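These notes are about the structure you will find just below.
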Amino acid sequence: MEPTWPGSRRAFTEAARWFAATVTRVDGRWDAPGLGEWDVRALVGHTTRALLTVEAYLAAPAARVDLASPAAYLRATTAVAAGPEVTARGRAAGDALGADPVSAVAATAERVVRLVDAQDGTALVSTVAGGMRLADYVPTRTFELVVHTCDLARALGLPADVPREAAAHALALAADAAAARGDAAAVLLALTGRTALPAGYSVLA
């Protein structure tokens, strides 16, 4: 699936607003287990970074394209995403949400949605893995928002009702990443009920 920029913007908006809406249902459970070593506050803080990096990277234009697709970004950041510094940044980002995390997340989501809506997708941004077109970076943020909002919903015991367009874009990127790894047949067979994926399988590993 090659998403159009208008479609990518819509999916990002859906994902950002779904995340913000799910945060309103934390209901004081900020210290509850979230994901791995994170409590709910740290998980929310980490997920908020999927919004904040768009803002930060747009303020740091790149000189060239180093990563030509969203799947290339996922491959390039696999090792970084597993590092201990990510855990620490999640906790710091959670702390930075302050005394009213719900309002902080809502304000960030709407600010960044407006920022993305004002772009045409052609801007070159400097990411942690190298220069990218904004149109290729934003789908990775939609993916991150969708996956971690599912994590948050699970931590809170809520249904993960992913908005349709955001879900389609996140699944498309996961499929693209699986195909790039040579795992297309295994994933297709699992999705159609023929076989099961190996325990712990991840397109991000």
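The values are calculated or read from the model by the stated rules, or taken from the named source; none is laboratory data. Remember, it's a predicted structure, so these values are computed and weren't measured experimentally. Cβ atoms come from the backbone with ideal geometry, glycine included; neighbour counts cover every protein chain shown. The protein model used for the area step is the full one, side chains on, heavy atoms only, and it has no ligands, DNA or RNA in it. Shrake-Rupley method; radii C 1.70, N 1.55, O 1.52, S 1.80 Å.
Identify the single condition in (1) at pLDDT below 95; (2) open to solvent by 50 Å² or more (accessible area, probe 1.4 Å) that VAL147 does not satisfy, given that it satisfies every other one.
So VAL147 meets the others, but not (1).
Give segment 75-97 a look and list any residue that's open to solvent by less than 30 Å² (accessible area, probe 1.4 Å) and at pLDDT 95 or above, or say none.
Matches in segment 75-97: ALA93, GLY94, LEU97.
ALA50 is checked against (1) in contact with an Asp or Glu (Cβ under 6 Å, 6 or more places away or on another chain); (2) loosely packed, with under 14 Cβ neighbours inside 10 Å; (3) of a type outside the set (S, T, N, Q) and fails just one. What number does that condition carry?
Here ALA50 meets the rest and fails (2).
Kindly evaluate ALA155 against the criterion of being open to solvent by 20 Å² or more (accessible area, probe 1.4 Å) and either more than 14 Å from ALA16 (Cβ to Cβ) or over 14 Å from the mean Cα position of the chain (by Cα) (or both).
Taking the combined requirement at face value, the residue satisfies it.
Testing VAL162 on (1) assigned to a helix (DSSP H, G or I); (2) under 17 Å from the mean Cα position of the chain (by Cα); (3) closer than 23 Å to ARG41 by Cβ, one condition comes back false. Which one is that?
Status for VAL162: all satisfied but (1).
Of all residues being open to solvent by 40 Å² or more (accessible area, probe 1.4 Å) and out of contact with any Pro (no Cβ under 8 Å at 6 or more places or on another chain) in segment 167-183, which is farthest from PHE19 (Cα to Cα)? Just the residue, please.
GLY182
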